[in-house]
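Trainee: Sharing a structure, written as structure tokens. Questions coming.
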Amino acid sequence: MTREEAIEQFERGVRTGRAGHGYLVVGPEGPAVEFVKQAVSLMFCGTKAGNKSCGECRDCRWVEALRHPDLHWVEPEKKSRIIPVERIRALQQELSTTSFASKWKACVLVAADRLGISAANAFLKTLEEPAGDTVFFLVTDSPHSLLPTIVSRCRKVILSESGAESSEEWHDALAGLLASGSRGSAVAALAAAAGIEEILKKARREAEEEEKAAQERAGVEEMDKETFEARVQARYRQKRTAILRFMLLWHRDVLLIVCGAGEGVLANRSAIAGLKEHASRLSYRQALENIQTIEKLAANLERNIPEPAAFADAFLALH
């Protein structure tokens, strides 16, 4: 469902007293986190109209800044990218207290699939015996990585990706780089990787500007450098994930064309000329290997392999 449809459904549950105590929000991290912020704002906002929070009151500003006293926000640790059991135990202590400014408490786990085994088991106990005033939101793009017992105790909100990235300015530039390909040339491959690096640099600048604007809207006068950098990095990773997803869908489209599929099933129909030209040079095996190369690229980046090396290796391997 779209984010708007999900918000309408959530608001209806809150209004009728039928809101769930746990929601598994499945989708790209950026849109999923924005949905959760909207949902939490609806819970806390005292001047909401219909299924929209006002965005201006104290509670809405606190939620936007992730500083609401009744909002418990959990993310993977910066270096390990894991949510450790110690953080879940601290969360359990936090949730045992009464709410401060609202009748609700909201608990958000971003990248919930990064729960360690002990942390997942500890969190399951919290989810099995929730306080009546607490709503849990688990954000993930890899629900299969969660304990089945956690998944079974949550209502699923599966956000569609349709149109989510249609306005990105880098689409045409990236499509051009993918269409040109390396054609076996190391020089061309490295040039394409350099082109990607320019797109990523711009994404980083945009992430910084967006975070500064978000803090200004929320009325945050000053934030320590480490927290600010962590927020910027989170926004940047969302943008990088969108870029990788575009690359994967582009090569998927090429594979579909190689297999004789019609234009109606393609994700990037606006780039049909480049897709067809690229597909005409590839065998089925080569088109499939390209998809596997992008999947390996994403995995390498998750392992914190430096971006220049990871993208250069990928473009050298692409057909």
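Trainee: What about Ile150, is it surrounded by 14 or more Cβ atoms within 10 Å (Cβ to Cβ), touching a strand residue (DSSP E or B) at 6+ places or on another chain (Cβ under 8 Å) and either modelled with pLDDT of 80 or more or assigned to a helix (DSSP H, G or I) (or both)?
Mentor: When the stated conditions are applied, Ile150 passes them.
Trainee: Those residues that are assigned to a helix (DSSP H, G or I) and surrounded by fewer than 16 Cβ atoms within 10 Å (Cβ to Cβ), I need them from region 90-123; list them, please.
Mentor: The answer is Ala90, Gln92, Gln93, Glu94, Ile117, Ser118, Asn121.
Trainee: Return only the number of the condition from (1) at pLDDT below 85; (2) part of a helix (DSSP H, G or I); (3) within 27 Å of Arg303 (Cα to Cα) that Arg15 does not satisfy.
Mentor: Of (1) at pLDDT below 85; (2) part of a helix (DSSP H, G or I); (3) within 27 Å of Arg303 (Cα to Cα), only one is false for Arg15: (3).
Trainee: Is at least one residue of region 242-257 surrounded by fewer than 17 Cβ atoms within 10 Å (Cβ to Cβ) and either touching a strand residue (DSSP E or B) at 6+ places or on another chain (Cβ under 7 Å) or more than 27 Å from Glu34 (Cβ to Cβ) (or both)?
Mentor: no
Trainee: Ok, one more. For region 38-72, how many residues meet the condition of being crowded, with 19+ Cβ neighbours inside 10 Å and either outside any loop (DSSP other than H, G, I, E, B) or in the same structural domain as Lys239 (by TED's automatic domain parsing) (or both)?
Mentor: 13
Trainee: Residue check: is Ile291 out of contact with any Pro (no Cβ under 6 Å at 6 or more places or on another chain), modelled with pLDDT under 90 and not charged (D, E, K, R)?
Mentor: Answer is no for this residue.
Trainee: Restricting the first residue to region 224-235 and requiring it to be part of a helix (DSSP H, G or I), which pairs with a second residue that is among the aromatic types (Phe, Trp, Tyr) meet a Cβ separation below 7 Å and a spacing of at least six or different chains?
Mentor: Here the result reads none, with nothing in region 224-235 linked to a residue that is among the aromatic types (Phe, Trp, Tyr).
Trainee: How many residues does region 88-110 contain that are free of Cβ contacts under 8 Å to residues at least 24 places away in the same chain and in contact with a His (Cβ under 9 Å, 6 or more places away or on another chain)?
Mentor: 1
The values are calculated or read from the model by the stated rules, or taken from the named source; none is laboratory data. Everything numeric here is computed off the predicted structure, so don't read it as measured data. Positions of Cβ are backbone-derived with ideal geometry, glycine not excepted, and every protein chain shown enters the neighbour counts.
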